[in-house]
Amino acid sequence: MKKVLLILGMIVLISLLIACAPAKQTITKKTIVTEKEATVINSEPSANDDADLETETGTTSETEQPSTTASSSSSAVSQEELDQLKEEIEKMEFEDLGGLSE
Amino acid sequence: MKNSVGKLIGILAVMLLVMPIFAYALTSSEAREEWVDAKRISQEKQAAYTEAKLDYAAEPTSENEQLIVETGKDVLYAALDEVEAWLNWKQLEAEENSEVPDEIKEAIEDDVKANLDKIEALRTDVDDIDNRLELGITYLKMIGKYFELLADAARNTGAMWVYIGETRADQVSEYEQKLRATAEEMDDNTEIIEMLDQAKEELAEAETNIAKAKEEYQQVRIPGQPLIKFSNGNSYLTIAKGNLLSSYHYLNQAYLLIVSGGN
């Protein structure tokens with residue numbers, strides 16, 4: 001009986017290893033992509049976007065850039081929420097079906 | 001004891017059968033890759049078919065004629081694979097998106113299922129092609145069916161994108177109102193209000209473009225020009241995306257002015 005249980009235990013272990021292997025790969029891939037995305041986001045901080053806007057609106061706020069995390073409590077919206085909104089808007093993609101109708 | 005061991009073996013057997021399903025289930029991004037691959041293969045098959053026709057024109061032998069039939073059949077199979085891959089991708093994209101209402105998800109699922117069945121029927125038609133005449137007849141039949149296969153899923157995909165666009169616009173509107181309420185309590189708020197007005201203006205543009213996209217997507221039907229209407233809807237949403245990003249920039253600028261204490 002012990003042998004049977006031992007064999008069953010081994011089967012369970014092998015099954016779990018087989019099942020988890022592709023999932024692990026997927027998670028690793030996703031982590032890499034997320035890290036890449038994070039790098040892209042970090043390399044384009046919202047301050048840059050604001051700089052563009054400043055040029056457009058004639059505002060010069062180089063010295064006015066505050067430490068947003070420190071004083072965000074004074075606003076009903078946080079910088080994090082605004083960044084999240086930007087990310088979600090940028091994710092919107094609308095692809096045509098040109099290839100299929102060619 | 002024997003019973004327990006039997007049950008345990010039964011559970012293990014079920015686990016072994018179910019595990020591969022979870023381990024190899026496609027994600028929507030993988031399904032999109034499959035569609036891109038299917039498109040590439042479809043283009044390759046079309047090139048081979050064109051070459052076969054040129055060969056036959058240069059040397060009209062029965063072998064070259066048969067080659068036209070074979071490469072033509074490959075083109076039709078590849079086109080069906082391409083539609084199938086697109087439908088699978090659209091279904092997974094809707095399934096994975098937690099923001100999409102169940103009603104839209106179910107509509108896309110039903111369309112995809114119905115059209116996958118039609119694709120199987122069309123594959124049987126292609127199987128039966130033996131000569132150039134049958135190839136031509138089936139090709140014409142396929143052209144007619146092609147838009148039919150895509151129209152319903154494309155229309156509902158458009159509805160899904162419109163819903164997401166409206167959700168983003170609502171978020172922008174909510175943040176604009178919150179920031180305005182904060183700004184109105186400040187003494188020196190002229191510049192902040194200007195920024196918020198600009199944000200509101202861009203938001204209004206975005207909402208107009210989303211509404212136009214919705215109208216275009218609703219016209220993705222047979223008879224009509226479903227793919228052109230779908231493309232128009234996509235264009236309006238792309239412009240709306242730009243409006244929403246501009247609105248975000250003004251909101252962010254207003255936010256920075258608020259946290260720095262005004263002008």
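The values are calculated or read from the model by the stated rules, or taken from the named source; none is laboratory data. Note that the structure is predicted; figures quoted are calculated from it, not measured. Here the Cβ is made from the backbone with ideal geometry for all residues, glycine too, and neighbour counts use every protein chain on show. SASA here: full protein model, heavy atoms, side chains in, ligands and nucleic acids out. Shrake-Rupley method; radii C 1.70, N 1.55, O 1.52, S 1.80 Å.
Scanning region B:175-190 for residues that are over 38 Å from the mean Cα position of the chain (by Cα) and open to solvent by 40 Å² or more (accessible area, probe 1.4 Å) turns up B:Ala181, B:Glu184, B:Glu185, B:Met186, B:Asp187, B:Asp188, B:Thr190.
One line per residue, one yes/no per condition, for (1) more than 7 Å from chain A (Cβ to nearest Cβ); (2) open to solvent by 10 Å² or more (accessible area, probe 1.4 Å); (3) free of Cβ contacts under 8 Å to residues at least 60 places away in the same chain; (4) part of a helix (DSSP H, G or I):
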position	(1), (2), (3), (4)
B:Tyr217	yes, no, no, yes
B:Arg221	yes, yes, no, no
B:Lys229	yes, yes, yes, yes
B:Ser235	yes, yes, yes, yes
B:Ile239	yes, yes, yes, yes
B:Leu244	no, no, no, yes
B:Tyr248	no, no, no, yes
B:Asn252	no, no, yes, yes
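Residues in region B:37-64 that are open to solvent by less than 70 Å² (accessible area, probe 1.4 Å) and either assigned to a loop (DSSP other than H, G, I, E, B) or on the phi > 0 side of the Ramachandran plot (or both): B:Thr61 only.
B:Asp170 - would you say it is open to solvent by 30 Å² or more (accessible area, probe 1.4 Å), closer than 25 Å to B:Ser235 by Cα and touching an Asp or Glu at 6+ places or on another chain (Cβ under 6 Å)? Even if it seems obvious, please write down each step before you answer.
Working: open to solvent by 30 Å² or more (accessible area, probe 1.4 Å): yes; closer than 25 Å to B:Ser235 by Cα: yes; touching an Asp or Glu at 6+ places or on another chain (Cβ under 6 Å): no.
It is false that B:Asp170 is open to solvent by 30 Å² or more (accessible area, probe 1.4 Å), closer than 25 Å to B:Ser235 by Cα and touching an Asp or Glu at 6+ places or on another chain (Cβ under 6 Å).
For region B:150-161, indicate whether the set of residues that are in a helix (DSSP H, G or I), in contact with a Gly (Cβ under 7 Å, 6 or more places away or on another chain), in contact (Cβ under 8 Å) with a residue 60 or more places away in the chain and closer than 19 Å to B:Ile239 by Cβ is non-empty. The answer is yes, given that some residue of region B:150-161 is in a helix (DSSP H, G or I), in contact with a Gly (Cβ under 7 Å, 6 or more places away or on another chain), in contact (Cβ under 8 Å) with a residue 60 or more places away in the chain and closer than 19 Å to B:Ile239 by Cβ.
Residue count for region B:128-146 satisfying the condition of being closer than 23 Å to B:Ser62 by Cα and either surrounded by 11 or more Cβ atoms within 10 Å (Cβ to Cβ) or in contact (Cβ under 8 Å) with a residue 40 or more places away in the chain (or both): 10. Looking for something surrounded by 18 or more Cβ atoms within 10 Å (Cβ to Cβ) and in contact with an Asp or Glu (Cβ under 7 Å, 6 or more places away or on another chain) - is there at least one such residue anywhere in region B:72-85? Checked against the condition, which is being surrounded by 18 or more Cβ atoms within 10 Å (Cβ to Cβ) and in contact with an Asp or Glu (Cβ under 7 Å, 6 or more places away or on another chain), region B:72-85 yields at least one hit.
Looking at region B:65-75, is at least one residue assigned to a helix (DSSP H, G or I) and under 20 Å from B:Glu34 (Cα atoms)? Yes, the conditions are met somewhere in region B:65-75. Determine whether B:Glu191 is over 18 Å from B:Ala159 (Cβ atoms), in contact (Cβ under 8 Å) with a residue 24 or more places away in the chain and at the interface with another protein chain (Cβ under 8 Å from one of its Cβ atoms). Yes; evaluated as a whole, the condition is true for this residue. It is to be established whether one or more residues within region B:156-169 are under 23 Å from the mean Cα position of the chain (by Cα) and aromatic (Phe, Trp, Tyr). Among the residues of region B:156-169, at least one is under 23 Å from the mean Cα position of the chain (by Cα) and aromatic (Phe, Trp, Tyr), which makes the answer yes. Step by step: first the residues of region B:205-215, then only those that are within 22 Å of the chain's Cα centre (by Cα) and closer than 23 Å to A:Gln84 by Cβ, then the one that is surrounded by the most Cβ atoms within 10 Å (Cβ to Cβ). Which residue is that? Applying the filter and picking the extreme gives B:Ala206.
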